[in-house]
1. Are there any helices (runs of 4 or more DSSP H) wholly within the range 122-222 with 1 or more residues that are in contact with a Pro (Cβ under 8 Å, 6 or more places away or on another chain), and if so which?
2. Exactly one condition in (1) in contact (Cβ under 8 Å) with a residue 12 or more places away in the chain; (2) touching a Phe, Trp or Tyr at 6+ places or on another chain (Cβ under 7 Å); (3) surrounded by fewer than 16 Cβ atoms within 10 Å (Cβ to Cβ); (4) outside any loop (DSSP other than H, G, I, E, B) is not met by Gln117; state its number.
3. Which count do you get for residues in the range 163-179 that are without any contact (Cβ under 8 Å) to a residue 24 or more places away in the chain and either of a type outside the set (Ser, Thr, Tyr) or in contact with a strand residue (DSSP E or B) (Cβ under 7 Å, 6 or more places away or on another chain) (or both)?
4. From the list Glu147, Glu92, Glu82, Glu138, which one is within 21 Å of Val54 (Cα to Cα) and free of Cβ contacts under 8 Å to residues at least 60 places away in the same chain?
5. Within the range 176-201, how many residues are acidic (Asp, Glu), at pLDDT 85 or above and farther than 15 Å from Arg166 by Cβ?
6. Examine the range 105-112 for a residue that is among the hydrophobic types (A, V, I, L, M, F, W, C), outside any strand (DSSP E or B) and either more than 13 Å from Val88 (Cα to Cα) or outside the structural domain of Val88 (by TED's automatic domain parsing) (or both), and state whether such a residue exists.
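The values are calculated or read from the model by the stated rules, or taken from the named source; none is laboratory data. This one's a predicted model, so the numbers in the text were calculated from it and none came from an experiment. Note that we place each Cβ from the backbone using ideal geometry, even for glycine, and neighbour counts take in every protein chain shown.
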Amino acid sequence: MSDSSVVEGRRCAVDMARDLRLSWSMQIERDRTPSGKDLFRVPERFPLFPLPNVVFFPKMYLPLHIFEPRYRAMVADAAAGERCIGMVLLKEGWEQDYYGNPPIFEMGCVGRLVSVQPLPDGRYNILLQGLHRFEVREQYFEKSYREARAALQPAEADAPLGPSVRRELLRVLEPYLASHEDGHQWQELVRPDVDDEVLVNSLATYLDLTPLEKQFLVEADGLLQRASRLRDLIQFKLDERGGVQGCG
């Protein structure tokens, strides 16, 4: 397969995931962490699914269309086993060694399989629920897909943003959304009763940010730093847009 077809295949998977994106009501209202009656343990070792333009965050839902044979095997193994998959971002230049094991960013997010839909031709539609950020400690290449042993970064370590931090984030967000045609669709997300982590991670997921910008956010040391980085990114985009308009 040529490099262009590899890129197109990856785009196809991501485009389908975007088409299947869940509604705000599901993102906000549905439980995003296992309850005390349904404790879920992330295994010490789990499969990695590297993509060039998807960054996953805790408490988010990620629909994916799985079509490559090695990742079909990954889904089949995960569904029959621990039901966990770690999402990581491929580093620049991944096309040169796509069928090998190109370099990845070591910080990612592990999700549990909450839905697996086998298709007649062997492909899958799956839905992942984001659980924890992790940092890769060791990679394993014995199977057709890679696996990792990772250090989890539990969300319990994150303190709430505090009213002033949240207020400042929303203050910067308001003119940014006002300049977008779909800005009104975000009103449900910025309700006062929406959890801080859900708010920040939803914005990090769905705002028009580059994969590297999103990686910068997922690597933040806690929710407070992620919110601060997100605010700065939004402000930068506002300033950039204002500069372009001013030049006109």
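1. 196-206, 211-218
2. (1)
3. 7
4. The match here is Glu92.
5. Count: 0.
6. No, there is no match, as no residue in the range 105-112 is among the hydrophobic types (A, V, I, L, M, F, W, C), outside any strand (DSSP E or B) and either more than 13 Å from Val88 (Cα to Cα) or outside the structural domain of Val88 (by TED's automatic domain parsing) (or both).
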